[in-house]
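Scroll down for the structure; my scribbles are underneath it.
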Amino acid sequence: IDKKPLVSDFQICVENPIELDGTVYKKTYTVHYKSLDVIRSLVHKKLNEQFKYASEKAYIKSSCGFTIDANEIANRDIDGLIKVMKAKNTTTELFRDYNNNHHEITLEQLEIMQLEVIENAQYLYKQKWNFISDIASMTKELEVIAYNISYKNMDFSK
């Protein structure tokens with residue numbers, strides 16, 4: 001009896017009727033791809049998981065000269081620093097970057113970094129929407145399976 005073949009999440013393995021081959025019974029299998037709609041659904045799930053990961057782990061090269069976290073927590077922390085600096089009327093503050101290095105920064109730099117973080121979040125969403133649109137337009141199962149989903153962060157250092 002033959003072993004059942006390994007299949008991907010995009011495939012179905014169907015057991016064929018047992019056949020007599022000379023004096024030996026053989027069990028064979030046929031592998032089919034799932035329907036285009038099911039494959040799209042599986043790829044959408046992967047796309048959403050990768051988007052969540054990309055959003056949580058986002059970082060950017062800031063125009064302020066160093067790499068910073070660019071997720072929701074970073075946005076909240078930067079916003080908090082801005083509010084505190086304004087309330088206390090301070091001119092500089094110590095800021096810890098993505099690589100855990102400290103930088104003395106100004107309120108203006110913080111406001112720039114906050115805009116960059118927000119712009120990067122919007123950029124991640126735009127990529128997601130483009131991926132969804134691309135996948136919806138595809139008509140072949142293998143085309144959808146092979147589609148490369150890779151989120152990129154922005155680089156403001158240029």
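The values are calculated or read from the model by the stated rules, or taken from the named source; none is laboratory data. Keep in mind that this is a model prediction, so the values were computed, not measured. We place every Cβ from the backbone using ideal geometry, glycine too, and count neighbours over all the protein chains shown. Remember, those area values only see protein heavy atoms, side chains included, never the ligands or the DNA or RNA. Shrake-Rupley method; radii C 1.70, N 1.55, O 1.52, S 1.80 Å.
The residue of the range 123-158 that is nearest to the chain's Cα centre (by Cα), among those that are open to solvent by less than 40 Å² (accessible area, probe 1.4 Å) and of a type in the set (Val, Ile, Thr), is 149. Selection over the range 123-158 of residues that are in a helix (DSSP H, G or I) and within 16 Å of residue 51 (Cα to Cα) gives a count of 13. Looking at 70, 58, just one residue is out of contact with any Phe, Trp or Tyr (no Cβ under 8 Å at 6 or more places or on another chain) and at pLDDT 95 or above, and that residue is 58.
Identification of strands (runs of 3 or more DSSP E) wholly contained in the range 1-70 with 3 or more residues that are within 30 Å of residue 109 (Cβ to Cβ) yields 59-61, 67-69. Scanning the range 46-68 for residues that are open to solvent by 50 Å² or more (accessible area, probe 1.4 Å), in contact with a strand residue (DSSP E or B) (Cβ under 7 Å, 6 or more places away or on another chain) and under 10 Å from residue 113 (Cα atoms) yields one hit, 61. Reported count of residues in the range 11-42, each being open to solvent by 90 Å² or more (accessible area, probe 1.4 Å), in contact with a strand residue (DSSP E or B) (Cβ under 8 Å, 6 or more places away or on another chain) and under 19 Å from residue 138 (Cα atoms), is 2. Would it be correct to say that residue 48 is in contact with a Lys or Arg (Cβ under 9 Å, 6 or more places away or on another chain) and either of a type in the set (S, T, N, Q) or free of Cβ contacts under 8 Å to residues at least 60 places away in the same chain (or both)? Yes: the conditions hold for residue 48. From the residues in the range 88-122 that are part of a helix (DSSP H, G or I) and either open to solvent by 80 Å² or more (accessible area, probe 1.4 Å) or modelled with pLDDT under 95 (or both), which one is nearest to residue 40 (Cα to Cα)? In this case the residue turns out to be 122.
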